[in-house]
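Asker: Just dropping this structure here.
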Amino acid sequence: MSLQLIRPDINLDFVGKRHFFVILSTVINIAAIVLLFTRGLNYGVDFVGGSVAQIEFTSRTNGDAIRSALASLDLGEITVQDFGKAGQSFLVRFNTVKNVGGIGPKLETALTKAYGPSIAKVVRVESVGAKVGSDLRRKGFFAVVIATIFMGVYIAIQFRNVSWSFGAGAVIALIHDVLVVMLALVISQYQFDLTTLAAVLTVIGYSVHDTIIVSDRIREDSTKRRREPIAQIMNRAINETLSRTILTSGTAIVVLISLLAFGGPILRPSAFTLLVGFITGTYSSIYIAGPVVLFWEGNAKLGTVSSRAA
């Protein structure tokens, strides 16, 4: 016997509430674009270049004290960020130095002079050139764009016998998901590095997978009920797949909440990105991809649409 959280005959009016959620999503997306250009992402060293050192202390300190201790090393502008245990673990960013391998002992020497012996420890030092960081940021952006376009093209071809507009709905839903994730990262100021970029690409794959499930059920129902309006068939398909959607997304979200809570500071940005992305991906499959198809087709019936597409 299959596990069902929702009774099979449920009939929630998802499609009828689409106008409110489209307006809400539009407002959120506009806010995301504005904040991306005004506040911006907290780019990691992978994308902006420079050096970053993880430093741990046995007693509590603060960013101003660390900057003061390292001022004599002539590292340029020094940015200090809490990392892990508050007041005792920090990420220190500074300009790229020529001898990266020898900067660790220099950092520890300067910190020992300021704090005393055995108080500060340099855990790791990473460095990326400015040109390499710029290239990685550009290629990362293109990776997101290309993945989104190809996902849309795939869905458009796969569901062409129902309506080509499913591809447009998928692309707009994916753009929505990426913008919501970017908004969450801008607000939280979690570090955006290569690991976080990989999480964004994973969100695109997950979101389109959920959209395909709903679209496939619409395609099945359209062959049985050719004379019904597309809105009615779409609403029935969403209700029929609702139990599966909640089970699949729910189990993934529980795992991601655990990673976010207990995974530590290194895993936290990617876990946060995946958590927000999975939630908004499930939402957009219902309230973004569907309304785009309805807007495209108007009051057409899927029987008419299928005949025209064929």
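Asker: At 7 Å along Cα-to-Cβ for each site, give me the label-to-label distance between Val254 and Ala143 in nm.
Answerer: Rounded to a tenth, the inter-label distance reads 3.1 nm.
Asker: Taking the Cα centre of the chain as the origin and placing charges on Cβ (Lys, Arg +1; Asp, Glu -1), which of Phe47, Met182, Ser249 is farthest toward the positive end of the dipole?
Answerer: Farthest towards the positive end: Ser249.
Asker: Taking only the alpha-carbon atoms of segment 169-310, what semi-axes of the equivalent ellipsoid follow from 5 times the gyration tensor eigenvalues under a square root, in whole Å, largest first? List each step's numbers first, then the result.
Answerer: Numbers: eigenvalues 234, 45, 20 Å².
With the √(5λ) rule applied to segment 169-310, the semi-axes are 34, 15, 10 Å.
Asker: Give me the mean projected area, in nm² to one decimal, of the convex hull enclosing the Cα positions of segment 119-241.
Answerer: Its average projected convex-hull area is 10.9 nm².
Asker: Order 242-249, 169-176 from most to least packed using the mean count of other Cβ atoms within 10 Å. Walk me through the intermediate numbers first.
Answerer: On the way: 242-249: 16.9, 169-176: 25.0.
Those peptides, ordered most packed to least, come out 169-176, 242-249.
Asker: For the chain, modelled as a Gaussian network with Cα springs under 10 Å, which listed residue fluctuates most, Leu256, Leu70, Leu201?
Answerer: Comparing Leu256, Leu70, Leu201 in a Gaussian network model of the chain, the most mobile one is Leu70.
Asker: Quick one: angle between helix 18-38 and the longest Cα principal axis of the chain, in degrees between 0 and 90, rounded to 10, please.
Answerer: 20 degrees
Asker: What does the C-alpha gyration tensor say about the overall shape of segment 5-96? Classify as rounded when a/c is under 1.5, otherwise prolate if a/b is larger than b/c, or oblate. Write down the numbers at each step before the final one.
Answerer: Numbers: a/c = 4.18, a/b = 2.38, b/c = 1.75.
Because a/c hits 1.5 or more and a/b exceeds b/c, segment 5-96 counts as prolate.
Asker: Output wanted: per-residue J couplings in Hz (rounded whole) for segment 251-259, from phi through Karplus 6.51 cos²θ - 1.76 cosθ + 1.60, θ = phi - 60°, x for Gly and Pro.
Answerer: Coupling constants for segment 251-259: 5, 5, 5, 4, 5, 5, 5, 5, 5 Hz.
Asker: Quick one: which residues, 5+ away or cross-chain, put their amide H under 5 Å from the amide H of Gly49? H built at 1.01 Å from N.
Answerer: Placed amide hydrogens put Gly133 under 5 Å from Gly49.
Asker: Roughly how many Å is it from the Cα centre of segment 211-271 to that of segment 37-81, as a whole number?
Answerer: For segment 211-271 versus segment 37-81, the Cα centre distance is 41 Å.
Asker: Given H placed on each backbone N at 1.01 Å, which residues far from Val123 in sequence or on other chains put an amide H within less than 5 Å of it?
Answerer: Amide H neighbours of Val123: Gln54, Ile55, Glu56.
Asker: Quick one: what are the phi-derived ³J(HN,Hα) couplings along segment 288-295, Karplus 6.51/-1.76/1.60 with θ = phi - 60°, whole Hz, x for glycine and proline?
Answerer: 10, 4, x, x, 5, 5, 5, 5
Asker: When the accessible area of the chain is split by element with a 1.4 Å probe, what percent falls to carbon and sulfur?
Answerer: Values: 9900 of 15830 Å².
Whole-percent figure for carbon plus sulfur exposure: 63.
Asker: Sticking with this one: Return the label of the correct value of mean projected area of the Cα convex hull in nm², as calculated from the structure shown, out of [x] 16.4; [y] 19.1; [z] 21.3.
Answerer: [y]
Asker: Then there is this: Give me the 1.4 Å probe accessible area per residue for the chain, excluding ligands and nucleic acids, in Å².
Answerer: On the way: 15830 Å² over 310 residues.
Result: 51 Å² per residue.
The values are calculated or read from the model by the stated rules, or taken from the named source; none is laboratory data. Since the structure is predicted, the reported quantities are computational estimates derived from the model, not experimental observations. Cβ: placed from backbone, ideal geometry, glycine included. Neighbour counts: every protein chain shown. We work out accessible area using only protein heavy atoms, side chains counted, and drop any ligands, DNA or RNA first. Shrake-Rupley method; radii C 1.70, N 1.55, O 1.52, S 1.80 Å.
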